[in-house]
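In what follows, a single structure is set out as structure tokens and then discussed.
What follows draws every value from the coordinates through simple rules; no lab data is involved. Treat the numbers as computed from the prediction; the structure is a model and nothing was measured. In this analysis, Cβ positions are derived from the backbone assuming ideal geometry, glycine residues included, and neighbour counts consider all displayed protein chains.
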Amino acid sequence: MKTFLVKLPLPSHYLSSDFFAFHLRDQQNVAEIVEGNTLHKGLIWQQQAAKLNLMIKNQQATLSLEIDSPTVIPQESELHSLAKHLLGLNQPVEQFEAQYMTDPIIGKLIKKQQGLRIYQSANAFEALVWAIIGQQISVHAAIAIRRRFIQAVGLQHTSGIWCFPDVLQVSRVSDDTLRQAGFSIGKVVALRALCDAIENQQIDLSQQINHENVNFITEQLLQIKGIGPWTVSYALLRGFNYLNGSLHGDVAVRRNLQTLLTKQEPPTAKETEKWLTQFSPWRALVAAHLWRSQSAAGY
């Protein structure tokens, strides 16, 4: 087994503790293990089990990839892109902070949480599956289902870490396997429809999302049975580095907005949507700041 490695500098104010907190959500350490300043994550690379190691030290990130197959050799540019993606370095958060740091309401959150960015799933498919799993259930329940899903459907690396499944792995298991992992019938339907759309090239998850094409991919995703606006907004945020999705329906966003605005009752989803509109094209990043005000692992 050969190890491939890249290094890249990190910006000032990079919140490395938040990066690791995001990957510590599953305390059973099935597919992500955090040891000190290093993340170990299992993923499938060109149909092979791989273990990613990402260390942060002295404002520098070092990513290495251990692939079980000796015949699979990633390009250095691919690893560099993966590192930037996972770390959220494709997000121009400095521009957002410069614009709103002095805002009388949101500014105090930004100043306290300067450098906040949205740490990404390994790829858009992982983000979408996580969003499907998390529909209308608690984070705790979603984490448990995700864990069982990975162990039932994914591959295990020779190191012992489990790798999040890809489309091919999902296609090889039965609906019963997904149901036993905790998927409802509706979520099985949504996952199958998503995989079919990808395999039939009806949707391309590798594309870069920007303000010009976001409506197109949003409509494509909304056409998939079982995928609604919240699922799309969350997936765009966590898998595509898109910072303008409106997460107004999220309970934690509304609850923390209540605290920020010192209101007696949480604002409704409609009121939250209206309030977030003023921050376009950064609505999802503002939502993340609201999440972060509650927990480092909550966004």
Query raised in the report: If you count, for each residue, the other Cβ atoms within 10 Å and average over each peptide, how do 110-120, 282-292, 171-181 line up from highest to lowest?
Result: 282-292, 110-120, 171-181
Report task. Calculate, for T262 and Q60, the FRET efficiency according to 1/(1 + (r/R0)^6) with r their C-beta to C-beta distance and R0 35 Å; round to the nearest 0.05. Result -> 0.30
**Report entry** Taking the convex hull of Cα positions in the chain, its mean projected area over all directions (nm²)
**Finding:** 15.3 nm²
Report task. Quick one, could you list the DSSP H helices from the chain stretching 18 Å or more along their long axis (Cα atoms) with average Kyte-Doolittle hydropathy of 1.0 or above? Result -> 185-199
Query - Residue pairs, from the table K51/K187; K57/K112; K111/K225; K57/K274, whose Cα atoms sit over 30 Å apart - result: K111/K225; K57/K274
Query raised in the report: FRET efficiency for Q201 and R179, Cβ-Cβ distance as r, R0 = 30 Å, nearest 0.05?
Result: 0.60
Query raised in the report: Using the Kirkwood formula over every pair of different C-alpha atoms, what hydrodynamic radius in Å results for segment 83-181?
Result: 16.2 Å
Query raised in the report: Given just the C-alpha atoms of segment 105-162, how large is their convex hull per residue in cubic angstrom?
Result: 151 Å³
Report task. Could you order peptides 25-31, 196-202, 233-239, 15-21 by the average number of other Cβ atoms within 10 Å of their residues, highest first? Result -> 233-239, 15-21, 25-31, 196-202
Report summary line: Here the convex hull volume per residue of segment 238-299, taken over Cα atoms and given in Å³, is 72 Å³
Report summary line: The ³J(HN,Hα) series, computed from each phi in segment 34-47 with the Karplus coefficients 6.51, -1.76 and 1.60 at θ = phi - 60°, rounded to the nearest Hz and given as x for glycine or proline, is 10, 10, x, 9, 10, 9, 10, 9, x, 8, 9, 10, 6, 6
Report summary line: re segment 1-99: pairs of Cα atoms spaced beyond 21 Å account for a percent value of 36 percent
Query raised in the report: How do 61-67, 135-141 rank on mean C-beta neighbours within 10 Å, highest first?
Result: 61-67, 135-141
Query raised in the report: Over the alpha carbons of segment 178-299, what is the largest minus smallest coordinate on each principal axis, giving the biggest first in Å?
Result: 49, 38, 26
Report task. Using 0.36 nm per residue of separation minus the Cα-Cα distance, give me the extension gain between Q278 and D26 in nm, one decimal. Result -> 87.3 nm
Report task. List the equivalent ellipsoid semi-axes of segment 135-229 in whole Å, largest first, each obtained as the square root of 5λ for an eigenvalue λ of the Cα gyration tensor. Result -> 25, 16, 14
